[in-house]
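Report on the structure given below.
The values are calculated or read from the model by the stated rules, or taken from the named source; none is laboratory data. Everything numeric here is computed off the predicted structure, so don't read it as measured data. Virtual Cβ from ideal backbone geometry, glycine too; neighbours counted across all protein chains shown.
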Amino acid sequence: MNSDRERDADLARAIRLREQGRAAEARERLSALAERHPQDAEVAYQTAWTHDVLGLEREAVPFYEQALSRPGLTEEDRHGAFLGLGSTYRVLGRHEESLRTLRRGLDEFPHDPALQAFLAMALYNNGEGREAVRTLLKVLTATSDDQRMQAYRPAIEHYADDLDGTH
């Protein structure tokens, strides 16, 4: 039990450091914590996130992968891990892996607008511009509170599926 409390306190301190803009210090603490708790999904996720904050995308990937391959993440953190890993793969030019990860995220979180927006970017980077635009138009109509957007929602959604306007 003492070890669990110590882990929780160490993790909370590291997260606080990252939130205070002291990500390099947080990275040091989280890397050490990840070594002590290699099966801990939450530690892996927080370590990945901190590497991402520092622009260390390549180093973040294995931690995201570990986090998603183990039980123990909250729903919010699991969502964040899919988003983080999918986005990181995209930034690294690993577009197929990005698409696969973001689609896995959408399997668990259907219709999530953030995952859909990142999927649209990955689709674009993968040369699938038409699907990217379709996805963004559907996200826009589903999430906009703008009265004009909602008035034209049926038409926009129709044309999202028929971008050339042939039907």
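A few points about this structure:
- For the range 71-81, the criterion of a residue being in a loop (DSSP other than H, G, I, E, B), basic (K, R) and out of contact with any Ser or Thr (no Cβ under 9 Å at 6 or more places or on another chain) is satisfied by no position.
- All of (1) part of a helix (DSSP H, G or I); (2) surrounded by fewer than 17 Cβ atoms within 10 Å (Cβ to Cβ); (3) touching a helix residue (DSSP H, G or I) at 6+ places or on another chain (Cβ under 9 Å) hold for D107 with one exception: (3).
- For the range 57-74, the criterion of being among the hydroxyl-bearing types (S, T, Y), at pLDDT 95 or above and either in contact with a helix residue (DSSP H, G or I) (Cβ under 6 Å, 6 or more places away or on another chain) or crowded, with 17+ Cβ neighbours inside 10 Å (or both) is satisfied by at least one residue.
- Total residues in the range 57-100, condition in contact with a Lys or Arg (Cβ under 8 Å, 6 or more places away or on another chain) and farther than 16 Å from V43 by Cβ: 3
- R7 more than 27 Å from R104 (Cβ to Cβ), part of a helix (DSSP H, G or I) and either at pLDDT below 95 or among the small types (G, A, S) (or both): yes
- Any chance D107 is under 29 Å from N125 (Cα atoms), assigned by TED's automatic domain parsing to the domain that holds G129 and not basic (K, R): yes
- Any pair with Cβ under 8 angstrom, 6 or more apart, that starts in the range 71-93 at a residue that is closer than 18 Å to Q39 by Cα and ends at one that is outside any helix (DSSP H, G or I) and among the acidic types (D, E): G72/D40
- Among the residues making up the range 31-48, those that are among the hydrophobic types (A, V, I, L, M, F, W, C) and surrounded by 24 or more Cβ atoms within 10 Å (Cβ to Cβ) are V43, A44, A48.
- Candidate set: the range 110-149, residues that are on the phi < 0 side of the Ramachandran plot and in a loop (DSSP other than H, G, I, E, B); chosen: the one surrounded by the fewest Cβ atoms within 10 Å (Cβ to Cβ): D145
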